[in-house]
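Derivation of every value follows stated rules applied to the coordinates shown; laboratory data play no part. What you see is a predicted model; the values in this text were computed from it and never measured. Cβ placement follows ideal geometry from the backbone for every residue including glycine, while neighbour counts extend to all protein chains displayed.
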């Protein structure tokens, strides 16, 4: 019974375990309640204690049963006296002895690309990783780190063929290393555009749909230089975390502290220009990789691969036939990539099947039998009546929490820990944004039955909600709640064997002739997607949802449960309490 473990001790702490070809994976934030499991002190290492314990328990094995343990290296600073061997020892000390003794390190970017390539189903692919920063590039480059990395990927080798390197520029205190970090660039500009309180990158991508990129296109384009051989150059401080040095664009000096001073229109226009230039820069690198590899498939990972608007057109713009975005392209996915690397390249095991879902985490546990929130009542043991009953609620424009089966791994709710709603009513979208305390311009994603996707959308979605596609103009009016301002939607394609909400979508389709639902993450503002049934009950009440389905139990708001007919099952009868 071969077993391998992948770990991430840094930002987005996580654990992934493969046992006999079955994958278990979870993020530590779902236990700590701290989004990204982020710590106030930069560089703090944390053991994925709860996610690791859950993986072992779910697989029914002990640390002694693990054949190989890999983790992504992340310490950026040989200049601070930390070398790869010292980092390994530091991480090993956080683990039980059998695991610590077997720990080996893989580079951060290689772990990222393995989390995509080894699940893609493709033999030959170009690989691209772009994020704020990864592993150290070595002592000769001071504290410099991986920023943009390209690969030629094949079943028998992982060949790094492109590496963005720092440049040296004069400064008042001497030479300064300038880092080509497109991840930092996008976040740096986002923090100057999006006022505090909203997630910067996702909010800026959404806001860009409302803006005119032409207003600031040339100003922003002058900030990113694209040279031969896929090189990208970004001036200081825009490739760093410094958001206090003013950036003068138009008649305004943009800093993080002054983001709220600009009008929504001003901010949207700058966001549109940044999104366009960022996409052009990523495409520039991807085209170079296509020329080097001759591959027809591009695998994309790292934090910048969460830019779903870019992903919608990257393959075509860069000369590839196919794009595969890692199911979890953020840092938590490096644990998954490390485990897959050990499974395939160290143990020589067959590749896992291409996933249609990321339900690799824990079940929600029992629905609480006591302490139900005021204003709600529970109906239990619905069994096969659950989906038709919830489909009826959704058809009547009610908002429903949906907690079913194993928790998703990654930043998107994919139908296991979701809030669902009718896709055709913009008032529902406005109510949801108010309940979740999100900016009014933030869109919601549609989840669609795979066999109907082409009837409603132009472009290829994916199972992980990683791409934006065009909504067919003749269909858009029917699903206004999931259509963004520019006529696009971030699409989740739900295949036949999806265990989270496939049956519910089918029931909703039969009832409404709409093969899709509005799907958003089940969480409170500023917190991770929830994990347990108990958390779901608390969050449903705090968000004032109309209903909550956990396994075959339905929690109903009194204003629905006490109506003459109540919720209807497929036979048109009120389910028994």
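Full extension of the chain segment joining residue 161 with residue 233 gains 24.1 nm, where the gain is 0.36 nm per residue of separation less the Cα-Cα distance. The orientation-averaged projected area of the convex hull spanned by the Cα atoms of segment 376-561 comes to 9.5 nm². Once the Cα-Cα distance is subtracted from the 0.36 nm per residue extended length, the residue 101 to residue 296 segment shows a gain of 66.2 nm. Taking the longest Cα principal axis of the chain as reference, the axis of helix 502-512 is set at about 60 degrees. Full extension of the chain between residue 542 and residue 451 yields a length gain of 29.2 nm, computed as 0.36 nm times the residue separation minus the alpha carbon distance. The translational diffusion coefficient of the chain, from Stokes-Einstein at 25 °C and 0.890 mPa s with a Kirkwood hydrodynamic radius over alpha carbon pairs, comes to 100 µm²/s. Cα-based radius of gyration for segment 333-426, normalised by 2.2 N^0.38 Å, reads 1.49. With semi-axes defined as the square roots of five times the eigenvalues of the C-alpha gyration tensor, the equivalent ellipsoid of segment 254-381 measures 36, 31, 13 Å, largest first.
Once the Cα atoms are used to define both axes, helix 182-193 deviates from the longest principal axis of the chain by about 60 degrees.
Working from label points 7 Å from Cα in the Cα-to-Cβ sense, the residue 20 to residue 226 distance is 5.0 nm.
Only beta bridges with both residues in the chain are counted; by DSSP, about 70 percent of them are antiparallel.
If R0 is 22 Å, the Cβ-Cβ spacing of residue 316 and residue 472 corresponds to a FRET efficiency of close to 0.75. Taking every alpha-carbon pair under 8 Å whose residues sit at least 6 apart, segment 376-561 reaches a relative contact order of 35 percent. Principal-axis analysis of the Cα atoms of the chain puts helix 533-543 at an angle of about 90° to the longest axis. Distance from the alpha carbon centroid of segment 329-348 to that of segment 460-493 works out to 31 angstrom. Note on segment 509-541 and segment 257-308: Cα centroid distance 29 Å, given to the nearest whole angstrom. For a Förster distance of 22 Å, can you work out the FRET efficiency between the beta-carbons of residue 486 and residue 252, rounded to the nearest 0.05? Efficiency at R0 = 22 Å is approximately 0.35.
Which FRET efficiency value, to the nearest 0.05, is calculated for residue 377 and residue 168 with the Förster distance at 56 angstrom and r the Cβ-Cβ distance? Efficiency computed from Cβ-Cβ geometry: 0.25.
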